[in-house]
1. Mean 1/r over all different Cα pairs, inverted: what Kirkwood radius does the chain give, in Å?
2. I need the peptides 189-198, 54-63 ranked by packing, meaning the mean over residues of other C-beta atoms within 10 angstrom, with the highest value on top.
3. What is the sum of charges, Lys and Arg at +1 and Asp and Glu at -1, for the other residues whose Cβ falls under 11 Å from the Cβ of Arg3?
4. I want the local charge near Ile136. Using Cβ-Cβ distances under 11 Å, sum +1 for each Lys or Arg and -1 for each Asp or Glu among the other residues.
5. Using R₀ = 30 Å, calculate the FRET efficiency as 1/(1 + (r/R₀)^6) where r is the Cβ-Cβ separation of Glu97 and Gln210; round to 0.05.
6. Quick one: compute the contact order of the stretch 34-107, relative version, from alpha carbon pairs under 8 angstrom and 6+ residues apart, as a percent.
7. Mind giving me the nanometre distance, one decimal, between the label points for Ala64 and Ala155, set 7 Å out from Cα along Cα→Cβ?
8. With +1 assigned to the C-beta of every Lys and Arg and -1 to the C-beta of every Asp and Glu, and no other charges, what is the dipole magnitude of the stretch 157-221 about the Cα centre in debye, to the nearest 20?
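Throughout, read-outs are computed from the coordinates displayed, never taken from laboratory work. These figures come from a predicted structure and were not determined experimentally. Every residue, glycine as well, gets a Cβ built from its backbone with ideal geometry; the counts of neighbours run over all protein chains shown.
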Amino acid sequence: MSRLAGVAPSVLAADFARLGEEVARVLEAGATVIHVDVMDGHFVPTLSMGPPVVTALAEQVHGAGALLDVHLMVDRPERHVEAFAAAGADHVSVHVEATPHVLYALQAIRTAGCTAGVALNPGTPAEAVAAVAEAIDLVLCMTVNPGWGGQPFIASSPEKIRRLRALVGADVVVQVDGGIDAGTVGACAGAGANSFVAGSAVFGAPDPAQAVREIARRAAG
Ligand code: DX5
Ligand code: ZN
């Protein structure tokens with residue numbers, strides 16, 4: 001099984017004043033992937049974080065044997081791949097809608113030594129993955145519109161996840177992102193997803209460690 005599989009807590013929902021402590025709690029709970037959401041105020045209207053946050057987390061996350069998964073919600077992501085790789089990213093996902101050069105961007109990610117993912121907005125058909133299937137280790141299926149945490153899961157997503165799994169085969173990770181919690185993760189896993197990004201359901205919970213374990217348990221069926 002890919003090292004990218006499993007529950008991937010999104011630090012977007014963490015308390016940034018205590019980021020190290022927040023990450024330590026979910027790593028102790030068994031999370032092996034930490035998801036970092038990068039927003040540029042163009043591709044999505046919001047702004048979030050950049051390479052310095054990846055640098056700040058790299059030693060702690062790698063010391064625990066876990067991976068840093070960077071989700072670029074930015075226009076022309078190929079311009080930023082090297083900076084995130086140098087900051088310590090292990091995996092980088094780019095949106096197919098964000099660049100006319102998505103294959104180039106994916107190749108640049110692998111050249112930089114990271115695994116590569118393509119992300120699809122809710123309005124983008126699953127079939128968009130076919131053209132870049134050879135160049136990816138992961139396909140990220142947005143299960144909300146990108147740009148904000150805490151939104152409700154789009155109910156039609158499992159159908160799209162099923163199509164994506166059929167298109168990419170067994171070896172590519174199918175990641176779901178947005179509105180994932182103990183109630184929605186089962187349908188995603190049942191449809192073929194094997195990586196589960198969760199922000200508010202983890203860091204908004206009274207006990208984030210318990211939330212990670214519960215989402216993992218529900219994902220396993
Ligand atoms: C949304 C981001 C997500 C976000 C998920 O644009 O890509 O990773 O952190 O947040 P929740 O889990 O709260 O929907
Ligand atoms: Zn994300």
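1. So the Kirkwood estimate lands at 16.8 Å.
2. Packing order, densest peptide first, comes out as 189-198, 54-63.
3. Result for the local shell: -3.
4. -2
5. With a Förster radius of 30 Å, E is 0.25.
6. So the answer I get is 32 percent.
7. About 3.5 nm separates the two model spin labels.
8. Around 220 debye, computed over the stretch 157-221.
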